[in-house]
Each structure stands twice: as C-alpha cells, then as structure tokens.
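Everything below concerns the one structure shown next.
The values are calculated or read from the model by the stated rules, or taken from the named source; none is laboratory data. Bear in mind the structure is a predicted one, so any value in this text is a computation, not a measurement. We place every Cβ from the backbone using ideal geometry, glycine too, and count neighbours over all the protein chains shown. With ligands, DNA and RNA removed, areas are computed over all heavy atoms of the protein, side chains included. Shrake-Rupley method; radii C 1.70, N 1.55, O 1.52, S 1.80 Å.
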Amino acid sequence: MRRFIKWLAIAVVVFLAVSAVGLAWMLQQHPSLLPYAMLTWKTDKVPATAPLRVSFLGVATVLLDDGETAILTDGFFSRPDRMTSFLGKVEPDLYNITRGLARAGIALKGQAFAPGRSGKLAAVIPLHSHYDHAMDAPEVAMRTGAMLLGSESTANVGRGWGLPEAQIRVAKLGEPMQYGRFTITLYPALHAPTGFTGGEIAQPLVPPVRASEYKEGQSYAVLVQHDGRSILITGSAGFVPGALKGVKADVVLLGIGTMGQRTDAHRQDYWREVVQTTGTKRVIPIHWDDFWLPADQPMQALPPPLDKFDVSMQFLIARGAAEHVDIRLPLPWQAMDVFDGL
C-alpha cells in the first residue's frame, strides 16, 4: 500500500508539473494580428490637426484630446506581470506611470504647454474598479491635477492612495458633466461574466494588495460628446439591458475582453445593446491586448485560455459587414481622428 501511495504521489506531482508547463506554454501563444492587418488604422489617415484626437494606450485606457482639454479613461500603465497579478500583490508602478504619461504626451500639473503635448487633463475616469482599470488612476490624477471620476469603489481606491477628497468625484448615472468642450455622461454597464465580476470596495484600499481586492464596483459606458460628435466607450463585454436606450454615438470604442469566451447569444445581445442601439457607424475594439506584457513591447492579443480573440474578431467582422458598420483596430499609442470618413 505504501508503495502504491508513493507512486500515486509521484504521478500527481508529474501531472501537475506537466500541466503547469503546458499552461505556461499556452499563455505565450498570442493570436496573430496579421489576419486583421487591413482593419488597422492607417498612419496616413491621422491628421496632425484633427479637432479631436483619440489615442488607444492599451487595455481600456483611452486619451481624448482637443488641444485645450483632455479626458482619460482608466489611466492604467503599471501592467504587473502574470505571476505578480495571480500569486502576489499589486500596486501602482511609479516608473511605468511616469513613462506612460510621457509617452502619451499627457501634461503634468503646472507643466507649460508644448507642441505634441495634450491639453490639460481634466478627468480620469475608470470604467470600473478592477486593478487593470482603476489602480493607477489616483496617481495619474495627483500628477496631472485631474479629477478622479467614477464610482464609490473608485473613490475608495483614490482615498486609499491618499488623493485629496477635492479631486474625487462620485459620478451620478445619466448626469452630463462639462469639461472644456467635452460633455461626459456615464451610463450603467456590467463586466463580462467572469470569476471577477461584481463586488464593491467599501473602504479605502491601500496597496499593495491582491489583485482580487480591486472589486468591480459600478461599471460604466461613457458617452463623450464634443463639438456635435459623440463617442461611446465600454470597458468590458457586459451590458445592462436597455441602459443605452436613446443614446446615440458616431463611434463606439467597444471593450471585447473575454467576449470570445462568451456564448454566441451573449455576443449577439452585446452587439444589439451597444452597437445597434446607439446607431453607430464605426466600432473600434479595445481591451483585447495582453495587459501582462510590458507597455514597451508590441501589443498582442490575449492568449487562450484567457480569451478567444479570433472568435471575437470574426463575430465583429461578420456583423459589421451585414449592417454596414466599419470595424477598425486602433493604432496603439498614436492619435486617431476616429470620425474620419464618417
């Protein structure tokens, strides 16, 4: 019996080791972006003097800038690796935040205007309060003087980091807010159904903490209106039925993280609730990149088993072709005139 138990234990250890090696290998197999090269925004389509410049900075971090005022969703630059995110504790990486703000051209508090730099950052808006959305936002607000705008959970992320209460604003759903020529309105959304969906951050959150301590809180779909044009930004492939009724958008920056793992019925419902409801003519997928890779490496799609990027893209391409909706992959870290050609 003892010999049997010994060999059983050895077999279990070998199985676990092989499984770990196999999982590690799978997580390095990023889907190729080459099949979608024709969908990628072309650099010659980016006018230097566009009235509104939109830059995709990875995950669901989006910079909107008219040269006078800038708005930033999420502001996530730290990008801790997988091992730290799953087994360790996470906290804002000050060095990576410094590099990210500089690379994006985001002006710091008190910094004089210079060519190539954004307008004054007025608000940083986490689309929900998971670490890959809200963790860095209070530090970004501190450095730029921006308002941290979001849910009570996001407010507690800010408080835990020591952000002054005067720079924290808990948003009211459906209430338009004016920042320069931007009108920002937040509508209710939901995270895609995963093991990390739901929960609130009920008290100031002081990092370093487990990534799982950054609970979702309220998720948002953010409507950005600017000089008669409008953009809707979603941070996850979830939705609240009917929440966007009456909302119109020229362009949707559509969060597709884990959308490929959902059922086809979920994808169809998500398209109907966000794309069809708003009547948009252009969809730009975001939150598809592997956010455990350093920001100075080329963006790559999330690998299986974390997502099925090709499933998501084939779905979007098919629905876009059927309904005459332009599907474009964004240029990482480069300004786009998202209304060009509409």
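Just a few scattered comments:
- Built from the Cα atoms of region 259-342, the convex hull projects on average onto 6.1 nm², one quarter of its surface area.
- Euclidean distance of C-alpha centroids, region 136-191 and region 106-135, integer Å: 11 Å
- Rg/Rh, computed from the Cα trace of the chain with Rh as the Kirkwood radius, has the value 1.00.
- The C-alpha atoms of the chain define a longest principal axis, and helix 2-26 lies at about 20 degrees to it.
- Furthest towards positive pole of dipole, Ser212, Gln300, Ile256, structure part region 192-342, Cβ charges: Ile256
- Here region 138-257 is assigned +1 on the Cβ of each Lys and Arg and -1 on the Cβ of each Asp and Glu. Its dipole about the Cα centre then comes out at about 180 debye.
- Projecting the Cα positions of Gly174, Pro92, Ala112 onto the charge dipole of region 88-221 (unit charges on Cβ atoms of Lys, Arg, Asp and Glu, taken about the Cα centre) puts Ala112 furthest along the positive direction.
- Within straight-line cross-link reach of Lys109, lysines at Cα separation under 26 Å, skipping those fewer than 8 residues along the same chain: Lys120
- Shape of region 201-341 from the C-alpha gyration tensor: rounded (a/c under 1.5, with a ≥ b ≥ c the square roots of its eigenvalues).
- Taking region 192-289 and dividing mean pair separation by its residue count, relative contact order in percent (alpha carbons under 8 Å, at least six apart): 25 percent
- Projected over all directions and averaged, the alpha-carbon convex hull of region 83-148 occupies 4.9 nm².
- Remark: the chain carries 44 Å² of accessible area per residue (probe radius 1.4 Å; ligands, DNA and RNA excluded).
- Counting only protein chain heavy atoms and rolling a 1.4 Å probe, the accessible areas of Phe113, Phe86 rank, largest first, as Phe113, Phe86.
- Ellipticity at 222 nm from helices only: DSSP H runs of n ≥ 4 in the chain, each -39500 (n - 2.57), divided by the residue count, give -7500 deg cm²/dmol.
- Relative contact order %, the chain, counting alpha carbon pairs below 8 Å whose residues are six or more apart: 20 percent
- Based on alpha carbons, the Rg and Dmax found for region 122-238 are 13.7, 43 Å.
- Solvent-accessible surface ranking, highest first, for Ile184, Ile317, Ile168 at 1.4 angstrom: Ile317, Ile168, Ile184
- In this view, the solvent-accessible surface of Ser230, computed with a 1.4 Å probe and all protein chains in place, comes to about 10 Å².
- Charged-residue dipole, Cβ positions (Lys, Arg, Asp, Glu), the chain about Cα centre, Debye nearest 20: 500 debye
- Distance between modelled label sites at Thr183 and Ala166, nm, 7 Å Cα→Cβ extension: 2.9 nm
- Candidate aspartates and glutamates for bridging to Lys248, where Cα separation is under 17 Å - those fewer than 8 sequence places away on the same chain excluded: Glu175, Asp227, Glu273, Glu323, Asp326
- 0 to 90° range, to nearest 10: angle between helix 309-323 axis and the chain longest Cα axis: 40 degrees
- With a 1.4 Å probe rolled over the protein heavy atoms of all chains, the accessible area of Met83, Met38, Met336 falls in the order Met38, Met83, Met336, largest first.
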